[in-house]
Amino acid sequence: MTAGRLATQLWKIGASTAHRAEAGRIRFWALALATALLTLAGGGLVVTDASFDGRTQRTLERSPRLTAAYPEEPVRALWRWDPAEADGLAYDVIHLEPLTDRLTPPPGLPRWPLPGEAFASRALLDASGEEAVVAQYGRLAGVIDPAGLEAPGEFLVYARPSAAILDRSVMQGISGFGETTGTGVLGEHLHYFGKGEFLAAYAGFVLLPVALLVAIAVRTGAAARDRRTVLLAALGSSWFARACCTAGEAARPVALGAAAGAVATLPALVVDIPLPSTAFILAARDVRAAAPLMAGVMVSVPAAVLLMAVLAQPRRRARATRPTAVRTRKATWSLWLFPVALLFTVRVVDLAHPDMVVVLYATGYLLVLVTLPSIIGACVGLLGPRLAALGYRRGAASLLLAGRRMAAAPHTVTRLVAALVIAIGIAVQIQVWTASLTAAGQGALDSRERLGTSVLRVAPYAEHARVRAFHDALPAEVHALAVRVHAEGRGQVELVGDCPALRELHIACNARPQPISFATSEPRLREYLGGVGAAAGMEVVVRSGDVAHLPGAAGAGRELVLFGTGSQQLPLTTLNGIAHRHLAMTATVDYVLNGGGLGKLTTAAGWLRLLSTAGITIVCLSAGIGAISDFLRFGRELAPLSVITPGRRLYGAVAGWSLLLPTALASLAGVSLAWWLAAPVRSVAPSDPLGLVTLTSGALLCALALTVWGAATALRVATGWRPVGD
């Protein structure tokens, strides 16, 4: 028989044994699911890279060519960027003033807006409403074409100031649009996080759990296949022949999983896909741009899974035909890499540049989780003989059997424990990162919860006539104070307003400056003063006067603050529109505490929820698949004892010693280890350690559930067991 015919025959033999083998059906669907998820995860990695690159390219195409950077090019238009916020998300407002009709408008606009007009993205109009956009930026001239947006869900406004509010002194000269280097000067990707941070989270929360699932699926029902492999080796088969048999057994489920993963990605090639828990919409054009690489993933993923299935089989040639336990050389590299990765991850904040901390921390954390199963396996292998010896001395059959089983095959327990510990690691990361994100913006969130829009800050403080026009245009129930903050020395906050405004804040109307106490001031005023730093001991003085005549001073900043009569909520959108029409083209009306970072925190938290939910779901699938196959094996191993040990107590006792004990110990160790590894994150924003109580309790309950499941499976298999010629 030729080598080709032999390989084909062995391939067919492997395929025919796929369902009849031990845990064959479980392995079939486990491999199919693992391949499908790995295909999706690999495709997601490619699409992520293409999405970041596509958004950067579109941002470059609409970025202005500033004549300050290109002095040889003529000034053809004036341009200014300002930040804004809607629905908790930061976005860009671009003020334009063309100086010639021959200049092409920015991408996405059919024409230049007329004075007092604005173009807005569809997503912003849907989120804020057309009335809100018109109130703030002027008449709506149209919707920005998707070709001019970084992403389909981007919030963006192009506005042309009216002649009355146009201020050329704050605008920059440009020669046109289209940059060739960098990442652009605007765009939603600049408001949130970069490619490195996202890929680090994606690798930890998605790629690692999928890799764990593939590893468990490949080794499902491994004991019988290992015996077959050794038998083929004893009969003189080559490594290639054994590989053909193994690959033939896995080929059908792998092909089914790859096809399912490919079909699942097809909609993203055709339509824009909104992602749950985030405000992001995946652009189909970015996915189509990555189609060649996606095709490569569809081919390489099933090939990689088949290769992994082949490499996971015993590779040592049998020295005799007598049946023996399969023994393979254990790799020790992970045993010494684990402590190195552990120390590096904890100390990465002190060792790395701040821009690289997140990426390097994620890399170290991944290395710890990848090498952790080997450490667990080594510990289980050491624990088994000691339990067996203790059971022998005390005459405890269950302890003896559990110890011998753990010593002979520690990998069966290791797979269950590793999945649980990795799930714990992901859960702890979710807890500490969520706490850090919450803590970073908690002050602003708490302030908004207490105040709402009952007090608002307005900037900039403009010339007298414009401040007067703005003040006169305010609704009757809105009061304004002019504020000057001196930061030098001890610092001073000076408040100036008319008598109705001062009386609203329970302050006497006096033209001479009078000091007031920060601690006893009206709650809204105290909240505002805390936002400008008065809580640190700055002097606060108040006098009555015209808000439009607040003199400037060296080293002092000026702004306006608005209060409503009777602590009522103020119309933020309306006031923004009044400020844009009367105060300044760059005016902003905002909450007392904002800082522009709440949108970033909200978006990051949404992505964290999405990725972590996917990761924990995959880990749970891994643990469930591994448990089903291992419990079937566990039941077959204990089944012969039904002949000499009537009753059910032995099965529960063996399951307790061989499953509950190592799983419970690993759960406790995993929680402690994960909490210690989270030290760099907790140093930025401390997390509540009491949250570990719930996590530890959940892990122990999972351990108990696995034990009960294993004992019940063993009892069920033992009940129907009959001796066969194994």
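The values are calculated or read from the model by the stated rules, or taken from the named source; none is laboratory data. Since the model is a prediction, treat every value here as computed from it, not as a measurement. Backbone-built Cβ (ideal geometry, glycine too); neighbour counts: all protein chains shown. Each accessible area value is taken on the protein alone, full model and side chains, heavy atoms only, with ligands, DNA and RNA left out. Shrake-Rupley method; radii C 1.70, N 1.55, O 1.52, S 1.80 Å.
Rundown of residues vs (1) surrounded by 21 or more Cβ atoms within 10 Å (Cβ to Cβ); (2) within 18 Å of Gly108 (Cα to Cα), yes/no style:
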residue: Asp49; (1), (2): no, no
residue: Gly54; (1), (2): no, yes
residue: Arg62; (1), (2): yes, yes
residue: Pro71; (1), (2): no, no
residue: Arg76; (1), (2): no, no
residue: Glu85; (1), (2): no, no
residue: Val93; (1), (2): yes, yes
residue: Leu96; (1), (2): yes, yes
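Exactly one of (1) more than 28 Å from Val592 (Cα to Cα); (2) crowded, with 16+ Cβ neighbours inside 10 Å; (3) not basic (Lys, Arg) is unmet by Ala163. Its number?
Every condition holds for Ala163 apart from (2).
Please list, ordered by first then second residue, the pairs with beta carbon atoms under 6 Å, 6 or more apart or interchain, first in segment 282-293 and under 18 Å from Glu188 (Cβ atoms), second buried (at least 16 other Cβ atoms within 10 Å of the Cβ) and hydroxyl-bearing (Ser, Thr, Tyr).
Going by the 6 Å Cβ cut-off, the qualifying pairs are Asp286/Ser51.
Taking segment 166-180 only, how many residues are polar (S, T, N, Q), open to solvent by 40 Å² or more (accessible area, probe 1.4 Å) and either assigned to a strand (DSSP E or B) or touching a residue at least 60 places away in the same chain (Cβ under 8 Å) (or both)?
Step one: of segment 166-180, the residues polar (S, T, N, Q) are 169, 172, 175, 180.
Then keep just the ones that are open to solvent by 40 Å² or more (accessible area, probe 1.4 Å); that gives 169, 172, 180.
Now restrict to residues that are either assigned to a strand (DSSP E or B) or touching a residue at least 60 places away in the same chain (Cβ under 8 Å) (or both): 172, 180.
Looking only at that region, the number is 2.
Please pick out the residue among Tyr91, Tyr70, Tyr158 that is more than 22 Å from Arg457 (Cα to Cα) and in a strand (DSSP E or B). Even if it seems obvious, please write down each step before you answer.
Working: Tyr91 fails: more than 22 Å from Arg457 (Cα to Cα); Tyr70 fails: in a strand (DSSP E or B).
Criteria check complete, one pass: Tyr158.
For the structure I just gave you, tell me whether Arg581 is in contact with a Gly (Cβ under 9 Å, 6 or more places away or on another chain), under 30 Å from Glu188 (Cα atoms) and not β-branched (Val, Ile, Thr).
On the way: in contact with a Gly (Cβ under 9 Å, 6 or more places away or on another chain): yes; under 30 Å from Glu188 (Cα atoms): yes; not β-branched (Val, Ile, Thr): yes.
Against the criterion (in contact with a Gly (Cβ under 9 Å, 6 or more places away or on another chain), under 30 Å from Glu188 (Cα atoms) and not β-branched (Val, Ile, Thr)), Arg581 qualifies.
Taking the options Arg80, Arg111, name whichever one is within 18 Å of Ser63 (Cα to Cα), assigned to a strand (DSSP E or B) and charged (D, E, K, R).
Values: Arg111 fails: assigned to a strand (DSSP E or B).
Going through Arg80, Arg111 in turn, the sole match is Arg80.
Considering every residue within segment 121-141, establish whether at least one is hydroxyl-bearing (Ser, Thr, Tyr), open to solvent by 30 Å² or more (accessible area, probe 1.4 Å) and over 24 Å from Asp272 (Cα atoms).
Kept after step one, since they are hydroxyl-bearing (Ser, Thr, Tyr), are these residues of segment 121-141: 121, 128, 137.
Next, only the ones that are open to solvent by 30 Å² or more (accessible area, probe 1.4 Å) stay: 128.
Subset that is over 24 Å from Asp272 (Cα atoms): none.
No: zero hits.
Taking segment 466-510 as the region of interest, how many residues are of a type in the set (A, V, I, L, M, F, W, C) and open to solvent by less than 30 Å² (accessible area, probe 1.4 Å)? Walk me through it before giving the result.
The initial filter retains those residues of segment 466-510 that are of a type in the set (A, V, I, L, M, F, W, C), namely 467, 469-470, 473-474, 476, 478, 480-483, 485, 487, 493, 495-496, 499, 501-502, 505, 507-509.
Okay, now just the ones that are also open to solvent by less than 30 Å² (accessible area, probe 1.4 Å), so 467, 470, 474, 478, 480-483, 493, 495-496, 501-502, 505, 507.
Residues that pass the stated criteria total 15.
Looking at Leu232 and the list (1) open to solvent by 20 Å² or more (accessible area, probe 1.4 Å); (2) among the hydrophobic types (A, V, I, L, M, F, W, C); (3) touching a helix residue (DSSP H, G or I) at 6+ places or on another chain (Cβ under 7 Å); (4) under 21 Å from Ser612 (Cβ atoms), which single condition is not satisfied?
Leu232 satisfies all of (1) open to solvent by 20 Å² or more (accessible area, probe 1.4 Å); (2) among the hydrophobic types (A, V, I, L, M, F, W, C); (3) touching a helix residue (DSSP H, G or I) at 6+ places or on another chain (Cβ under 7 Å); (4) under 21 Å from Ser612 (Cβ atoms) except (4).
So which of Ile144, Ile165 ends up being of a type in the set (A, V, I, L, M, F, W, C) and modelled with pLDDT under 90?
Working: Ile144 fails: modelled with pLDDT under 90.
From the options Ile144, Ile165, the qualifying one is Ile165.
Just to check your reading of the model, which residue among Ala705, Ala678 is at pLDDT 70 or above and open to solvent by 20 Å² or more (accessible area, probe 1.4 Å)?
Numbers: Ala678 fails: open to solvent by 20 Å² or more (accessible area, probe 1.4 Å).
Only one candidate qualifies: Ala705.
Any residue in segment 588-603 that is modelled with pLDDT of 75 or more and under 21 Å from the mean Cα position of the chain (by Cα)? Steps first, please.
Narrowing segment 588-603 to residues modelled with pLDDT of 75 or more: 588-593, 603.
With under 21 Å from the mean Cα position of the chain (by Cα) added as a condition, the list becomes 603.
Within segment 588-603 (the criterion being modelled with pLDDT of 75 or more and under 21 Å from the mean Cα position of the chain (by Cα)), the answer is yes, since at least one residue qualifies.
Looking at this structure, is Leu360 at negative phi and more than 17 Å from the chain's Cα centre (by Cα)? Before the answer, list the steps.
Working: at negative phi: yes; more than 17 Å from the chain's Cα centre (by Cα): no.
It is false that Leu360 is at negative phi and more than 17 Å from the chain's Cα centre (by Cα).
Give all pairs with beta carbons closer than 6 Å in which a residue from segment 530-553 that is under 17 Å from Tyr461 (Cα atoms) meets a residue that is assigned to a helix (DSSP H, G or I) and hydrophobic (A, V, I, L, M, F, W, C); count only pairs at least 6 apart in sequence or on separate chains.
Close Cβ pairs satisfying both conditions: Ala548/Val467.
Can you give me the number of residues within segment 388-402 that are open to solvent by less than 40 Å² (accessible area, probe 1.4 Å), within 17 Å of Ala711 (Cβ to Cβ) and either in contact with a Lys or Arg (Cβ under 8 Å, 6 or more places away or on another chain) or part of a helix (DSSP H, G or I) (or both)?
Residues in segment 388-402 being open to solvent by less than 40 Å² (accessible area, probe 1.4 Å), within 17 Å of Ala711 (Cβ to Cβ) and either in contact with a Lys or Arg (Cβ under 8 Å, 6 or more places away or on another chain) or part of a helix (DSSP H, G or I) (or both): 3 in total.
If I filter segment 511-560 down to residues being assigned to a strand (DSSP E or B) and β-branched (Val, Ile, Thr), which single residue comes out as surrounded by the most Cβ atoms within 10 Å (Cβ to Cβ)?
Within segment 511-560, the match that is surrounded by the most Cβ atoms within 10 Å (Cβ to Cβ) is Val542.
Give me the pairs, please: first residue somewhere in segment 353-365 and buried (at least 20 other Cβ atoms within 10 Å of the Cβ), second residue anywhere and part of a helix (DSSP H, G or I) and aromatic (Phe, Trp, Tyr), beta-carbon distance under 7 Å, and either six or more positions apart or on two chains.
Here the result reads Gly364/Phe344, each pair linking segment 353-365 to a residue that is part of a helix (DSSP H, G or I) and aromatic (Phe, Trp, Tyr).
Which pairs have Cβ atoms under 9 Å, sit 6 or more apart or on different chains, and link a residue in segment 499-519 that is among the polar types (S, T, N, Q) to one that is part of a helix (DSSP H, G or I)?
Cβ pairs passing all conditions: Asn510/Leu502.
Scanning for something charged (D, E, K, R) and either part of a helix (DSSP H, G or I) or at pLDDT below 85 (or both), does segment 619-633 turn up at least one residue? Outline the logic, then answer.
Our first condition is that a residue be charged (D, E, K, R); within segment 619-633, this holds for 630, 633.
Those still in the list that are either part of a helix (DSSP H, G or I) or at pLDDT below 85 (or both) too: 630, 633.
Yes, segment 619-633 has at least one match.
Give the residue that is farthest from Ser175 (Cα to Cα), with candidates limited to residues of segment 33-47 that are hydrophobic (A, V, I, L, M, F, W, C) and open to solvent by 10 Å² or more (accessible area, probe 1.4 Å).
Narrowing segment 33-47 to residues hydrophobic (A, V, I, L, M, F, W, C): 33-34, 36-38, 40-41, 45-47.
Going one step further and asking which of them are open to solvent by 10 Å² or more (accessible area, probe 1.4 Å), we end up with 33, 36-38, 40, 45-47.
Numbers: Leu33: 54, Ala36: 50, Leu37: 48, Leu38: 48, Leu40: 44, Leu45: 37, Val46: 36, Val47: 34 Å.
Residue satisfying both the conditions and the ranking: Leu33.
Condition first: modelled with pLDDT of 75 or more and of a type in the set (D, E, K, R). Now tell me which residues in segment 421-448 satisfy that.
Residue satisfying the conditions is Arg448 alone.
Name the single residue that is farthest from the chain's Cα centre (by Cα) among those in segment 185-217 being under 13 Å from Gln57 (Cα atoms) and open to solvent by less than 20 Å² (accessible area, probe 1.4 Å).
Filtering first and then ranking leaves Leu186.
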